[in-house]
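Below: the structure, in structure tokens.
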Amino acid sequence: MKILLDAMGGDNAPDANIKGAISAIDDIEAEVVLIGKEDIINTKVIEFYGKPLKEISDRISVYNATETIEMEDIPTQAIKNKKDSSMVVGFNLLKQGYGDVFISAGNSGALLTGATLLVGRIKGVDRPALAGILPAYHGRLVLMDCGANTNCKPINLLQFAQMSSIYMRNTLGIESPKIGLLNIGTEETKGNDLVKHSYQLLKKYSNDLDINFIGNLEGREAFLGDVDVVIADGFTGNVFLKTVEGLGKFVKKSLTESFMHSIWSKIGSLPSLPAIKRFSKVMDYKEYGGALFLGVQKPVVKAHGSSDEKLFKYTIKQAEQFVNNKAVDQLSEVYESSENKEKMQEIKEFIAELEAK
């Protein structure tokens, strides 16, 4: 297996990307290909480790790409015009079968555009989406969509629920994952038209699509362990994600300052240190890797734009698992089946009736 890593994407590139790959290599069986400006990458490796890459590991290599897509670039234009950028080169290598999964912490819009246009959607999927992994009480929580599609239709949220259900069953081994629709209240009548129509779809077609829909879900209930997947449009999901990450940092920082407040608080905290470390580990989003891009024909992973060495390491390990569990193959098998195609056509006709009312 080859993991393709965009070495030039992200706020801390290429330093964190390179260090993350080298840090991860002993924990994985796959090869890692760093895609980016070869001279810069090789110089950085010697600067950090005092020896060339080939002396560190024979399972890490460099594939030269002379351009970089910046965060401020317009996604469609960047994918079209920067053909030798690390991101476009990565997508093309993935499509050609040179690698098995592509990771980038770069421009999210460009990643979405490149994955859709260059790699291609799974037939039957209207919009691919980002499935982010978050901590939850005694488990993990999938948030989908966490930023790929800011404007959605009810059919998109229905498919997000279906794709995440397939992913949870085949990757995390949860046979009947509980799916909740993020809303401002649990009542069926709450929310805007998108959420209300999506609720009707999920309620009507959950059994047909093998979705364990438990109804509307308020944000405060998401992490209590009673739901496995939270469904939202990309705008709402991304706001929710960033708020949760910020809250985690706030709690961790506040606890640290409280324990360091005085000599007595430092002494008093000593017996609690093992519990505090366990709590910090659970709250650390870096432990959960990046967001999986579900709905495209090859595995693609979006790393956090602010990824450091640790987060790249966990994202690389996550990407290997993503490939090994064949989640993309499972999604393709379902969406390309004649039964699913017929059901989606029926659903779209039902949506037209809903919108006409």
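Derivation of every value follows stated rules applied to the coordinates shown; laboratory data play no part. What you are looking at is a predicted structure, and each value in this text was computed from that prediction instead of being measured. Backbone-built Cβ (ideal geometry, glycine too); neighbour counts: all protein chains shown.
Given H placed 1.01 Å from N in the peptide plane, which residues other than close sequence neighbours of K190 have an amide H under 5 Å from its amide H?
When sequence neighbours closer than 5 places are left aside, there are no close amide H contacts.
On full extension of the chain, what length is gained from H138 through E175, given 0.36 nm per residue of separation minus the C-alpha to C-alpha distance?
Answer, rounded to one decimal: 11.6 nm.
In deg cm²/dmol, rounded to 500, what helix-only [θ] at 222 nm does the chain give when every DSSP H run of at least 4 residues adds -39500 (n - 2.57) and the total is split over its residues? Provide the component values of the computation, followed by the final result.
On the way: 14 runs with 170 residues, N = 357.
Value at 222 nm, helices only, nearest 500: -15000 deg cm²/dmol.
Given springs between every Cα pair under 10 Å in a Gaussian network model of the chain, which of S165, S262, S206 has the largest fluctuation?
Per the Cα network of the chain with a 10 Å cutoff, S262 tops the list.
As a test, work out the antiparallel percent of DSSP beta bridges whose residues both lie in the chain, rounded to the nearest 5.
Working: 13 of 41 bridges.
So the antiparallel bridges in the chain amount to around 30 percent.
If you take the C-alpha gyration tensor of the range 96-179, multiply each eigenvalue by 5 and take the square root, what semi-axes do you get, largest first, in whole Å? Could you put the intermediate results ahead of the total?
Numbers: eigenvalues 101, 52, 39 Å².
Equivalent ellipsoid of the range 96-179: 22, 16, 14 Å, largest first.
If you split all Cα-Cα distances of the chain into 20 Å bins from zero, what percentages do you get per bin, shortest first?
Pair shares across the bins are 29, 54, 16, 0.
Given the Cα-Cα distance of F223 and K95 and 0.36 nm per residue of separation, how much length would full extension add, in nm? Write out the running numbers ahead of the final one.
Details: separation 128, 0.36 × 128 = 46.08 nm, distance 3.65 nm.
Extending this stretch completely gives an extra 42.4 nm.
Run the simple label-point estimate for F250 and L354 please: 7 Å along Cα→C-beta, distance reported in nm.
For the pair F250/L354, the computed spacing is 3.3 nm.
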